[in-house]
Amino acid sequence: MSDNCIFCKIANKEIPSQFVYEDDMVVAFKDLEPQGPVHVLVIPKKHIASLLDTTDEDKALLAHITCDVIPQLAKKLNVAEKGFRTVVNTGEEGGQTVQHLHFHIIGGRSMQWPPG
């Protein structure tokens, strides 16, 4: 955990949030500035600044997020059938505003391409 990281504080329940999922490795909660009818963030409890900071020891965690948690949440949030977007912003030009790895699940509306 990073002492100043807002997502670490959310994961440790120091800051209240609307959790939609939690297990021993990750939490998922509603985004405060939703970009669609469904907008949830999935974050590891372990502090990892970005995708660029992952290591071999994080492979199981990343597989858990992408292969287990995101599909399960998409079904639970009723966006799996029609589709949804999963976004991982990395770095300043990639739009990352919180330096803690997080996956956006956005759905409930038609997504356009290219994204903003």
>> Step by step: first the residues of the range 1-24, then only those that are within 21 Å of Thr90 (Cα to Cα) and touching a helix residue (DSSP H, G or I) at 6+ places or on another chain (Cβ under 6 Å), then the one that is least open to solvent (accessible area, probe 1.4 Å). Which residue is that?
In response: Ser2
>> Can you tell me which residue is nearest to Ile43 (Cα to Cα) among those in the range 72-92 that are assigned to a helix (DSSP H, G or I) and open to solvent by less than 40 Å² (accessible area, probe 1.4 Å)?
In response: Leu73
> Name the residues in the range 93-116 that are of a type in the set (A, V, I, L, M) and either open to solvent by 30 Å² or more (accessible area, probe 1.4 Å) or in a loop (DSSP other than H, G, I, E, B) (or both), would you?
Replying inline: Val98, Leu101, Met111
>> Yes or no: the range 40-62 includes at least one residue that is of a type in the set (Gly, Ala, Ser), surrounded by fewer than 12 Cβ atoms within 10 Å (Cβ to Cβ) and at pLDDT 95 or above.
In response: yes
> How many residues, within the range 73-116, are small (Gly, Ala, Ser), farther than 21 Å from Phe29 by Cα and free of Cβ contacts under 8 Å to residues at least 40 places away in the same chain?
Replying inline: 3
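The values are calculated or read from the model by the stated rules, or taken from the named source; none is laboratory data. All of these numbers come straight from a predicted model, not from anything done at the bench. Because the Cβ atoms are built from the backbone with ideal geometry, glycine has one as well, and the counts that use them run over all protein chains shown. The area values use the complete protein model at the heavy-atom level, side chains included, leaving out ligands, DNA and RNA. Shrake-Rupley method; radii C 1.70, N 1.55, O 1.52, S 1.80 Å.
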